[in-house]
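The values are calculated or read from the model by the stated rules, or taken from the named source; none is laboratory data. What you are looking at is a predicted structure, and each value in this text was computed from that prediction instead of being measured. Virtual Cβ from ideal backbone geometry, glycine too; neighbours counted across all protein chains shown. Keep in mind that these areas ignore ligands, DNA and RNA; they rest on the heavy atoms of the full protein, side chains included. Shrake-Rupley method; radii C 1.70, N 1.55, O 1.52, S 1.80 Å.
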Amino acid sequence: MAGEYSRIYVYNLRGNQRTAGELSRKEGGKIFGSGSRNTVAVLIGIKNPAHTGDCEIFYRDIGDYLSREQKLEIVDADTLPSIDWQPITPNAHGDWVNHRNDDYLAWPAIGEKSPAPGQATVFTIYSSGLKTGRDSWCYNSSRTGLVKSIEELATQYRDTQKKFAQYCTDVGEPKPTPDTVATFLAANPELTGTGKISWNRGLRTDLAKGTDIVFADDSVRLGSYRPFNTQWSYLDRRVNDMIYKLPTMFPTSHQTNIGIVLTGAASHFEFTPFITDLLPNLHVLDTAQFFPRWTYAKAESADGELDFASTDTTDVDEYGYRRIDNITDSILALYRGAVGDQVTKDDIFFYVYGLVHDPAYRQAYAADLKKMLPRIPTPETQERFEQLTAAGRQLADLHVNYETVAPYDLDVQLKKGTDPADRETWRVAKLKWGKKKDSDTGKNIDDRTTIVYNPKVTITGIPEDAERYMLGSRSALAWIIDRYQIKPDKASGIVNDPNNWCDEHGDPTYIVDLIKRVTTVAVETMRIVDMLAETKI
């Protein structure tokens, strides 16, 4: 834009409601009311043929925490000459505001798709999370329900294969393409619509190629669908839209792994870290990038078969996969040179997880973290390295093992006459926050200390600290409220019922206990984060 105009004025009215929490409150009211959730800005570009030199750029930010009405009053009172325009000088990276930090750019990247020769990175490879293109078919709280969905998908696909083959014969198409499939589906609307599989480009390509789809039990995996929401998932490149590099990280259902999940660059939400030992979904945190501790490779001899007698089987499991360390040797050498030879690759992994929770790091480099994956500063002292490593281990233990941490002592109130031994007492349909009167407006607002579990059960005594632990757009407990409800999918007709998870695990109080445990996770996470903020070495 600076190359097109001689002068540019940008009046930023804010109002980005694709954010959450404090960031959303700072963005203020939506300037067009319910008509837009995006940032709204007025841009005036001036072309002057007589202008020489660089483009002049002027910026006005309307400010934080303003209501729609306050914004409109300010705009109404402003005139172009009276506006307090801020001159903008773009930096070398083209940033107009929120300039990147050059010191930050000098540190090793957490990962690079194509690192330059000699460039140090922390992780060798990383991957986006699983993008199924049909979550209602490929995720379910019930393993039985998931298997049924995939078998139905395979049946519909095979039936369509037969009809498509006949169609190609009838129209004389020996080499069908995805466009041929699209034409065929348009002519046969009974194969699409409610209850039918979605024919995205990947599946149309498979149909054109004659690829078969058959249910495989080993493709059924436990997945991290959203924070603190484990579901059964189906990993299969023929059924999923994109599986990225995930098969190198979870090659079969028998290999274990653990990895750091980060919001991707240009996320709508504030930079957020998480960690999981399960197959991550693409949107576990907005658009998630997954940095695993390990990768796996099939160990084969020259003829393609694993020969345990002649092959080096160090770190090769009984299924023929070799575990490969995903922390680079170059970063290990760098850290050992900085803080001592006692450093291990496990230490570095947990140091990174501790660092990305450090408030000072996240505040100082907030602009950078919005634009690119993290750069990881080399620790300056052994004490600082050990502090962040210890914090990272504690946080990882809380976040990975959230189902087994000690439950927080919440007050679970049962309606009079309710039997706690009856499994129906603990069924959920849709969790919701309690309500209370706002002291300023008199209106009902959410009471984040109370969860209405169902008409018979109310949970109270949630500490305010629990709401401080934010993961992207929601607090930890808000993710529970969002995910643990019965959700029928209109397009497929499939119902995802979290009560089925309780039934299949023989644990009718799983969800109420989860609320208690995630409360503990939230409170303890903020205790560790606050400690990092207060005792930086």
### Query
Which of the residues spanning segment 88-122 are small (G, A, S) and not in a loop (DSSP other than H, G, I, E, B)?
A109
### Query
Any chance segment 163-173 includes a residue that's modelled with pLDDT of 95 or more and touching a strand residue (DSSP E or B) at 6+ places or on another chain (Cβ under 8 Å)?
no
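Conditions (1) touching a residue at least 12 places away in the same chain (Cβ under 8 Å); (2) outside any helix (DSSP H, G or I); (3) open to solvent by 20 Å² or more (accessible area, probe 1.4 Å), marked per residue:
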{"residue": "T458", "(1), (2), (3)": "yes, yes, yes"}
{"residue": "I462", "(1), (2), (3)": "yes, yes, no"}
{"residue": "D465", "(1), (2), (3)": "yes, no, yes"}
{"residue": "W479", "(1), (2), (3)": "yes, no, no"}
{"residue": "D482", "(1), (2), (3)": "yes, no, yes"}
{"residue": "K490", "(1), (2), (3)": "yes, yes, yes"}
{"residue": "G493", "(1), (2), (3)": "yes, yes, yes"}
{"residue": "N500", "(1), (2), (3)": "yes, no, yes"}
### Query
Can you name the number of the only condition in (1) open to solvent by less than 60 Å² (accessible area, probe 1.4 Å); (2) outside any helix (DSSP H, G or I) that T404 fails?
(1)
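Name the single residue that is least open to solvent (accessible area, probe 1.4 Å) among those in segment 201-245 being more than 28 Å from T177 (Cβ to Cβ) and assigned to a helix (DSSP H, G or I).
Quick first cut of segment 201-245, residues more than 28 Å from T177 (Cβ to Cβ) only: 217-218, 220-233.
Okay, now just the ones that are also assigned to a helix (DSSP H, G or I), so 217-218.
On the way: D217: 86, D218: 58 Å².
Only one residue fits best here, namely D218.
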### Message
Looking only at segment 407-447, count every residue that is under 33 Å from the mean Cα position of the chain (by Cα), of a type in the set (D, E, K, R) and open to solvent by less than 80 Å² (accessible area, probe 1.4 Å) and tell me the total.
### Response
5
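I'd like to check which helices (runs of 4 or more DSSP H) are fully inside segment 123-191 and have at least 3 residues that are surrounded by 13 or more Cβ atoms within 10 Å (Cβ to Cβ) and not hydrophobic (A, V, I, L, M, F, W, C). Spell out how you get there, then give the answer.
Values: elements: 135-138, 143-171, 178-187.
Per the criteria, 143-171, 178-187.
Restricting to segment 246-261, what's the tally of residues that are free of Cβ contacts under 8 Å to residues at least 24 places away in the same chain and either basic (K, R) or not in a loop (DSSP other than H, G, I, E, B) (or both)? Give the derivation first.
Residues of segment 246-261 free of Cβ contacts under 8 Å to residues at least 24 places away in the same chain: 247, 256.
Retained after the next criterion (residues that are either basic (K, R) or not in a loop (DSSP other than H, G, I, E, B) (or both)): 247.
So the answer is 1.
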### Of residues in segment 467-477 being out of contact with any Asp or Glu (no Cβ under 8 Å at 6 or more places or on another chain) and charged (D, E, K, R), the one surrounded by the most Cβ atoms within 10 Å (Cβ to Cβ)
E467
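The rows are residues; the columns are (1) of a type in the set (S, T, Y); (2) part of a helix (DSSP H, G or I); (3) surrounded by 17 or more Cβ atoms within 10 Å (Cβ to Cβ).
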position: E4; (1), (2), (3): no, no, no
position: Y9; (1), (2), (3): yes, no, yes
position: N16; (1), (2), (3): no, no, yes
position: T19; (1), (2), (3): yes, no, yes
position: K30; (1), (2), (3): no, no, yes
position: D54; (1), (2), (3): no, no, no
